[in-house]
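Engineer: Quick one: structure below, then a few questions.
We did not get these values from a lab; they are worked out from the coordinates using the rules stated. Note that this is a predicted model, so its numbers are computed, not measured. As a convention, Cβ positions derive from the backbone with ideal geometry for all residues, glycine included, and neighbour counts pool all protein chains shown.
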Amino acid sequence: MNTAPDTSGQGAGLPTIVLVHGAFADSSSWHGVIAHLKRRGYPVMAVANPLRGVQQDAAYVRSVVDTVAGPVVMAAHSYGGAVMTEAADGAANVKALVYVASISPEVGESVVGLIMEHPGSQLGTSIKMVPFPLADGGTAMDQYIQQDKYPAVFAADVAPDVAELMAVTQRPAAESAQTGAVTKVAWKTIPSWTLVTTQDRGIPPELQRFMAQRAGSTTVEIDASHAVAVSQPGPVADLIDTAARATTG
């Protein structure tokens, strides 16, 4: 059962920032961003995205958002953007969406489909598939980035020792999470901001720009890898702060 965060004494007049990580990472990838936001007085929640499928993940994230009293600004990284796009639709307390090196799909689009339509990602040649059993006796596949390829593909501007730890502790996404399409699109009714990472080898910059333009998103570009929240948390926090002040101030 989800319970509302205790934000007493924090962030008077400020929205709660809800962070959604993507595949091949976990909530700790937001640590630097969280530190910056909390220094500015924001109450923050970093949701543990299940990474099992878009609708399943979005239902969980929405259940967390629904516990928050007061306005919310959501920020998502990578596949987390697809989850946020579905989860925030119709959420009256969500005032802004921030896409960070992220996917912002249209109805019927999936992560894999978008990446295949826009060349430049190195994820396809770096993925390792690992089977896992289902409750009904069947088998599904989890996706990992091969550890030796993780730093170059995912975190090229992160300190090597940190990138190696990220590779070991990465959380896999079920294959269905990457191939599943969104059915709801929150960016059509909620204002959005996008941080485009120009050195991204996971989600190509041109794809990020295409999605941002289509969504009418306010866009900022930064010379960073896919793991920008780890390598450059300050600018990520700055954009979230900008979105919060523009929509809830």
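Engineer: What is the helix-to-structure angle for 160-169, meaning the angle in degrees between its Cα long axis and the longest Cα principal axis of the chain, kept from 0 to 90 and rounded to the nearest 10?
Structural biologist: 80 degrees
Engineer: Using the per-residue mean of other Cβ atoms lying within 10 Å as a proxy for protection, in what order, highest first, do the peptides 241-248, 118-125 fall?
Structural biologist: Going by the mean number of other Cβ atoms within 10 Å, highest first, we get 241-248, 118-125.
Engineer: Hey, another quick one. Under a point-charge model restricted to the Cβ atoms of Lys and Arg (+1) and Asp and Glu (-1), what is the dipole moment magnitude of segment 66-148 relative to its Cα centre, in debye to the nearest 20?
Structural biologist: 220 debye
Engineer: Along its principal axes, what span do the Cα atoms of the chain show, with the longest given first and each in whole Å?
Structural biologist: 46, 42, 33
Engineer: Can I ask one more? Taking every Cα atom in segment 79-172, find the radius of gyration and the maximum pairwise distance Dmax, and write them in Å.
Structural biologist: When restricted to the Cα atoms of segment 79-172, Rg and Dmax are 16.0, 43 Å.
Engineer: Still on this structure: Hey, what number do you get for the chain at 222 nm if only DSSP H runs of n ≥ 4 count, each worth -39500 (n - 2.57), divided across all residues, to the nearest 500?
Structural biologist: -9500 deg cm²/dmol
Engineer: Let me ask something else. Relative to the longest principal axis of the chain, what angle (0 to 90°, nearest 10) does the C-alpha long axis of helix 205-215 take?
Structural biologist: 40 degrees
Engineer: Which order do THR85, THR139, THR218 fall in if you start with the one that has the fewest other Cβ atoms within 10 Å?
Structural biologist: Ranked by crowding around the Cβ, least crowded first: THR139, THR218, THR85.
Engineer: Over what distance in Å are the Cα centres of segment 180-249 and segment 103-142 separated?
Structural biologist: Computed from Cα coordinates, the inter-centre distance equals 21 Å.
Engineer: Right, another one. Using a 10 Å cut-off around each Cβ, can you sort LEU114, LEU19 from fewest to most neighbouring Cβ atoms?
Structural biologist: LEU114, LEU19
Engineer: Let me ask you something else. Once you put a point 7 Å from the Cα of ALA156 and another 7 Å from the Cα of SER28, both along the Cβ direction, what distance in nm separates them?
Structural biologist: About 2.5 nm, to one decimal.
Engineer: Moving to a separate point now. Using a Förster distance of 25 angstrom, determine the FRET efficiency expected from the C-beta separation of LYS184 and ALA140, and round it to 0.05.
Structural biologist: It comes out at approximately 0.55.
Engineer: Expressed as an acute angle from 0 to 90° and rounded to the nearest 10, what is the orientation of the C-alpha long axis of helix 233-248 relative to the principal long axis of the chain?
Structural biologist: Computed tilt is about 50 degrees.
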